[in-house]
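Here's the structure, in structure tokens; my notes come after.
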Amino acid sequence: MPGTLAIDLGSSSTVVAWQDGTAAPARLLRLAPYALDDPAVVPSLIWLAAPDGEAGALVGRQVLEAGLADGDGPGLCRDFKRRIGAAAMTGSAGFGASPAAEGTWLSPEAAGALLLRRIWRALPPELVPERLVLTAPIDSYRGYRQWLRQVCGELAVPELALVDEPTAAAIGAGLAPGSRVLVVDLGGGTIDLSLVVLEGGQGRAAPMAQLLRFAGRDLDSHAQALRTARVVGKAGLALGGRDIDRWIAAELCPGVVPDGELLRLAEALKCQLSGSEQAVRLWSPPGQAPRELRLERRRFEALLQQRGLLEQLDALLETVWAGARREGLAQTAIDAVLPVGGSSRIPLIRRWLQERCAGVPLRGERPIEAVALGALALTPGVRVQDVLRRGVSLRCWDRRSAAHRWHPLFVAGQSWPTTSPLELVLACSLDGQQALELVLGEPQPEQRAEVVFRDGVPLLRRRPAGEAAVEPWAETLAPLALQPPGQAGEDRLRLRFQVDAEAQIVLEGDDLATGERLEPRRLGPVR
């Protein structure tokens, strides 16, 4: 079964998602023996019994079941994801490279490579990945990309792509290109707040995963511009879900040094309290009688406040808002708040977000899998015909200049079919106007960006700034009738333009005067 595989390598958990070439929805893969059952994620954990023991390494769930997740020693690797990008820039990406830097037998790069290889080998045999898309943090995107090119060189996949995590999370949550999003990532070991502006928006290409390999050939990394969200403000803290688990263990079992079993039970209590007012688990200490661990949500929330979690979040958020103010971006201009990571489901965290970001929609329906699902959505069937070679513009009447101007609908380099329509509102230029003309045109080669092909691979070439000339299409399109006639300056039609799977420009819309929906029509193929 051919399709696309997405891997979101996280600091505490790694999500693996799959989407085949049919209309079936994307799904998370439960990869035995490494993944948990609910949620179906692979804990980002590796344990080695010896420095050269890659063959017998335990990965993910195996580390938890062996009771080794909270031990000490150089054989345990965790929290290696966030250190990969910086280390990759030094060129150390081999197995066992620079172990002394982290006090373990594996460098961060080698640990990440081992995890990716194990995931790849555990894929069900009936799945045949045609493309692999991975996610990367914005702050180490360049180094992360270099590391992935080395690690994935041995994987037999024709197409390899990369996308930044905030963009993937936002698209996975259903936000539109061009959105301004506050991403609140509460992972197992860290808290990261990022205010980002996504690529795309009206008249601009929607975000798309960056190709690292196409048709089995590695692409020249210098020929492609970095495609990441723009960071407006960012703040982080080395505090996460595992610290909360330790707080719970200390609260319920004071004076007891928490082992792996106790911490797993504390985590289970925390997760249960996201949906219940009370949680109960049974703990069996070595050599002692079983003991009931009970925690109410009210006591849990009081514990988080006593430990200063909300104060820390307030300080991080203020740092982010300060960055926004420097950019002239008001809080009211934010389109959405996007919580991701397991700890973002804690009700106290949700209430804190709603209070501190009042009036901004909270989009966190799928905090665990949003990044992986967004990565799939940003990697459409990456074939040559999925990239527009030329743009398409609509001729519109500009009231200020009393002249016609060209408004871009789709631009060169934009992928198709489009994921969401481009919406325009057109006004009448005359009293008693009975129809609105539809005149489409093609920006000429001196446009701001065009796609050129090198050995069959699409590459984006930019030109100096300046208004591009537009050549009207030779085909004459039927005008849009107005009944009753419109008046000068009156907003009359709300139009929506899309490119469908057959490369046809599809027009839909509404008559604002009558409330009637326009009959959908195809305007012609994109070039």
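Scanning region 48-96 for residues that are surrounded by 16 or more Cβ atoms within 10 Å (Cβ to Cβ), over 14 Å from ALA113 (Cα atoms) and modelled with pLDDT under 75 yields a single hit, ASP70.
For region 36-73, what are the residues that are of a type in the set (A, V, I, L, M, F, W, C) and in a loop (DSSP other than H, G, I, E, B)?
Initial filter on region 36-73 (of a type in the set (A, V, I, L, M, F, W, C)): 36, 40-42, 45-50, 55, 57-59, 63-64, 66, 68-69.
Hits for region 36-73 are LEU36, ALA40, VAL41, LEU48, ALA49, ALA50, ALA55, ALA57, ALA66, LEU68, ALA69.
Of the residues examined, ALA250 is not one that is part of a helix (DSSP H, G or I), small (Gly, Ala, Ser), at pLDDT 85 or above and within 30 Å of GLU165 (Cα to Cα). Quick one: in region 174-188, of everything that is in a loop (DSSP other than H, G, I, E, B) and closer than 20 Å to TRP352 by Cα, which residue is farthest from the chain's Cα centre (by Cα)? Filtering region 174-188 for residues that are in a loop (DSSP other than H, G, I, E, B) and closer than 20 Å to TRP352 by Cα, the one farthest from the chain's Cα centre (by Cα) comes out as GLY188.
On the stretch given as region 423-446, residues that are of a type in the set (A, V, I, L, M), surrounded by fewer than 16 Cβ atoms within 10 Å (Cβ to Cβ) and either within 19 Å of ARG521 (Cβ to Cβ) or in contact with a helix residue (DSSP H, G or I) (Cβ under 7 Å, 6 or more places away or on another chain) (or both) total 2.
Would you check if there is a residue in region 117-131 being part of a helix (DSSP H, G or I) and either farther than 19 Å from LEU29 by Cα or β-branched (Val, Ile, Thr) (or both)? Don't jump to the end; show me each part of the working.
If we filter region 117-131 for residues that are part of a helix (DSSP H, G or I), which is where we start, we get 117-121.
Checking which are either farther than 19 Å from LEU29 by Cα or β-branched (Val, Ile, Thr) (or both) leaves us with 119.
So far as region 117-131 goes, yes, one or more of its residues are part of a helix (DSSP H, G or I) and either farther than 19 Å from LEU29 by Cα or β-branched (Val, Ile, Thr) (or both).
Tell me which residues, restricted to region 393-412, are part of a strand (DSSP E or B) and aliphatic (A, V, I, L, M). Answer for region 393-412, where residues must be part of a strand (DSSP E or B) and aliphatic (A, V, I, L, M): LEU394, ALA403, LEU409.
Residue by residue, here is whether (1) free of Cβ contacts under 8 Å to residues at least 24 places away in the same chain; (2) open to solvent by 80 Å² or more (accessible area, probe 1.4 Å); (3) in a strand (DSSP E or B) holds:
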position: GLU267; (1), (2), (3): no, yes, no
position: CYS271; (1), (2), (3): no, no, no
position: SER274; (1), (2), (3): no, no, no
position: ALA279; (1), (2), (3): yes, no, yes
position: LEU282; (1), (2), (3): yes, yes, yes
position: GLN288; (1), (2), (3): yes, yes, no
position: GLU292; (1), (2), (3): yes, yes, yes
position: LEU295; (1), (2), (3): no, no, yes
position: LEU303; (1), (2), (3): no, no, no
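Of the residues making up region 457-502, those that are open to solvent by less than 40 Å² (accessible area, probe 1.4 Å), modelled with pLDDT under 90 and either in a strand (DSSP E or B) or in contact with a helix residue (DSSP H, G or I) (Cβ under 7 Å, 6 or more places away or on another chain) (or both) are VAL457, PRO458, LEU459, VAL470, VAL499.
Annotation: PRO39 fulfils all but one of (1) within 16 Å of GLY188 (Cα to Cα); (2) touching a residue at least 40 places away in the same chain (Cβ under 8 Å); (3) buried (at least 19 other Cβ atoms within 10 Å of the Cβ); the unmet one is (3). Looking across VAL382, VAL451, VAL392, one residue alone is at pLDDT below 80, open to solvent by less than 20 Å² (accessible area, probe 1.4 Å) and either over 24 Å from GLN19 (Cβ atoms) or small (Gly, Ala, Ser) (or both). It is VAL451. Summed over region 327-373, residues that are free of Cβ contacts under 8 Å to residues at least 40 places away in the same chain and surrounded by fewer than 21 Cβ atoms within 10 Å (Cβ to Cβ) total 12.
The values are calculated or read from the model by the stated rules, or taken from the named source; none is laboratory data. Please read all numbers here as calculations on a predicted model, not as lab measurements. Backbone-built Cβ (ideal geometry, glycine too); neighbour counts: all protein chains shown. Only protein heavy atoms, including side chains, enter the accessible area calculation; ligands, DNA and RNA are left aside. Shrake-Rupley method; radii C 1.70, N 1.55, O 1.52, S 1.80 Å.
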